[in-house]
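Here's the structure we're looking at; comments come further down.
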Amino acid sequence: MKSLRFISAEAFVSNAEFARKSLGGVAHNLFPLLFKASYLLEQGEVIHDLVENWPLVDFNIGKLLGTTVDYQEDLSHRTCYVCLESCLTGLRDYVLNHSSPYMKKLKVVDLTGIKDVEVQFCECKKRMGRWTRTQLLSKLCLELLVYLQQTQCNPGTSEISIDVLIDLYVTERNYELAVQALLKKCYCPLKICCVAFRSDNLALQKFFYIIKLTDPSLLRKLEIVHNVRLEMEHLEILFNCIHFPLLMSLTLPARTFNVRRFTDADEGILTNIGEKMGEMTQLTELSISFSILTGRIRKLLSPLKTPLKMLDVSNCSLNHADMAYLANSFHANHLEALDLSGHNIHDLYPSTFFKLLGHSSSVLRSLTLEDCNIQDTHVNMLILSLSPCQKLQEFKFIGNPLSSQALKQIFTFLRELPMLKTVEFPVPRDCYPTGITYPIDDASLCRFDHRKYESVAEELNLILLQANREDVKASTPLFGSYDAAVEETNNELGAYLIKSFKETLEKFTTSFKMS
């Protein structure tokens, strides 16, 4: 519902030429209202001028676009390219604006409230993701510096200092630009303040260099993913050399740990890493998927002084001792998001899994059990385990060998969970050819009876509709859930993978010839 104030604001900004000419006479407290109305209508020129003449001390895009009294809809998930580009160029021009520096009150710009989602509702249909925001802000900061050096500017311009809080995403392709912007931020009126940092497709040496430039003391979230070849000894060096006092969330790349080739020295390294993580008193989210941590979860997590709210240990080859530790640890009662994908939970440790969910049930919001070999015979135990989880909002269990009938039984239960919003379910086993083996390889993943699947999917949705659960979104993402960061940089990452494969092939060919 829109208030009369918001409807009036829409009418005002819909005529861009008139609105831009009239901004000088607009009361300062109306700028946030006009900004949200302009964003909704994608009035890029008006957005630019609003930011260029921003009269307030702070500009928090998450709050400006979020639920407000005048318009309840949250627009922070609209990463519209036109709107965000206008915001950033408007910020640059705020510095260059010839109005008196004494009139300029802006001190903090917070861009961290933008949510990257799969479906965009903006008319331009072009999103500006986190990587592009990093690229554009870095570019604008450097351009601003060059302009200030080459032009006779108002003496007061050099006194302008605006902290720009942003989630940086750096890969090989935008590395140099980001490094230059961070190196020179002390000279630039717009000072990049990195709150969250994601790195992918980057050499270790470059990662270590740029992470120091971000001012790690301010970092709340660190994601080192995919094509950063960080191993356990590198992680120890990172934690020994750099302190992360405010770090709340840590994601490590696949194969960071591999206990199968551990030596006594490696055991000491793991202990040291656990102790360093224990010093991060704000750490509540940890993702260590696709590492081999058999029998070592206690050593890694027991030093933590703050209970984890999110834990991703998917495909970590956990054994019964690991699961028993998780079920009995103080983390269990605080877990809001848990990913145990890739573990045969019902055959290896059914009682400890049941106990773990029992302890976390009062707070658990998201549970992922992909490729866990959950079969029809396990459905009753699964339902019994999930029954206490009345706050569950998201349940993902693709990749499990379940029949159509078993899925109907699960959905009949899931529709009773009052807060459930998202379900990701597998293609029924009876839609695949007889004799299919699990986990299904990528080549066979799409070779199922699509017509039969559509029929089953309709029946499952009907189960939800009959319980008036139109609010639950059920889907089968065959190749995993949407990842905005990967989607935005998939061309670069794809090229990197091809290059890596080619180099590996060449090395193999050379060694084969030599032998």
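Between the listed residues 463, 259, 278, the Cα displaced farthest toward the positive end of the dipole of the chain, a dipole computed from Cβ unit charges relative to the Cα centre, is found at 278. Here the contact order of segment 260-403, divided by its residue count and restricted to Cα pairs under 8 Å and six or more residues apart, works out to 18 percent. For the charge dipole of segment 229-320, defined by +1 on Lys and Arg C-beta atoms and -1 on Asp and Glu C-beta atoms about the Cα centroid, which residue among 317, 250, 293 has the Cα displaced farthest towards the positive pole? The listed residue farthest towards the positive side: 317. For the chain, adding -39500 (n - 2.57) for each run of n ≥ 4 DSSP H residues and dividing by the number of residues yields -13000 deg cm²/dmol at 222 nm.
Only one residue of 489, 232, 162 has its Cα farthest out toward the positive end of the dipole of the chain, where Lys and Arg carry +1 and Asp and Glu -1 on Cβ, and that residue is 162. With protein chains left intact and a 1.4 Å probe, residues in the chain average 47 Å² of accessible area per residue.
About its Cα centre, the dipole of the chain is roughly 640 debye, where the only charges are +1 on Lys and Arg Cβ and -1 on Asp and Glu Cβ.
Working from Cα pairs under 8 Å separated by at least six residues, relative contact order for segment 92-170 is 60 percent. Net length available on complete extension from residue 8 to residue 187 is 60.3 nm, with 0.36 nm assigned per residue and the Cα-Cα distance removed. For the peptides 315-327, 293-305, the ranking by mean Cβ contacts within 10 Å, running from highest to lowest, is 315-327, 293-305.
Which whole number in µm²/s is D for the chain by Stokes-Einstein, with the Kirkwood Rh taken over Cα pairs at 37 °C and 0.692 mPa s? Result for D is 127 µm²/s. Relative to the Cα centre, the charge distribution of segment 220-288, modelled as +1 at Lys and Arg Cβ and -1 at Asp and Glu Cβ, gives a dipole magnitude of about 300 debye.
Annotation: extensible slack from residue 408 through residue 217 equals 63.8 nm (criterion: 0.36 nm per residue apart, minus Cα-Cα distance). Extending 7 Å from Cα along the Cβ direction at residue 123 and again at residue 481 yields two label points whose distance is 3.3 nm.
Would segment 145-216 count as rounded, prolate or oblate if I go by the C-alpha gyration tensor, calling it rounded below 1.5 in a/c and otherwise prolate when a/b exceeds b/c, oblate otherwise?
It is prolate, given that a/c is not under 1.5 and a/b is the larger ratio.
When only Cα pairs below 8 angstrom with a gap of at least 6 residues are kept, the chain shows a relative contact order of 7 percent. If you take all other residues with their beta carbon under 14 Å from the beta carbon of residue 461, and give Lys and Arg +1 and Asp and Glu -1, the sum is -2.
What helices in the chain pass both tests, a Cα length along the helix axis of 18 Å or more and a mean Kyte hydropathy of -1.0 or higher, using whole DSSP H runs? Both cut-offs are met by 81-96, 130-150, 264-278, 450-466, 490-514. Here the accessible area is traced with a 1.4 Å probe on the protein chains. For the chain, carbon and sulfur cover 54 percent of it. Rounded to 0.05, the FRET efficiency of the residue 465 and residue 444 pair, given R0 = 35 Å and the Cβ-Cβ distance, is 0.65. Taking each residue as 0.36 nm, the span from residue 348 to residue 473 lengthens on full extension beyond its C-alpha to C-alpha distance by 41.9 nm.
The values are calculated or read from the model by the stated rules, or taken from the named source; none is laboratory data. Keep in mind it's a predicted model, so treat the numbers as computed, not measured. Heads up, the Cβs are rebuilt from the backbone with ideal geometry, glycines too, and the neighbour counts pull from every protein chain shown. Heads up: the accessible areas ignore ligands, DNA and RNA and are worked out on the full protein's heavy atoms, side chains in. Shrake-Rupley method; radii C 1.70, N 1.55, O 1.52, S 1.80 Å.
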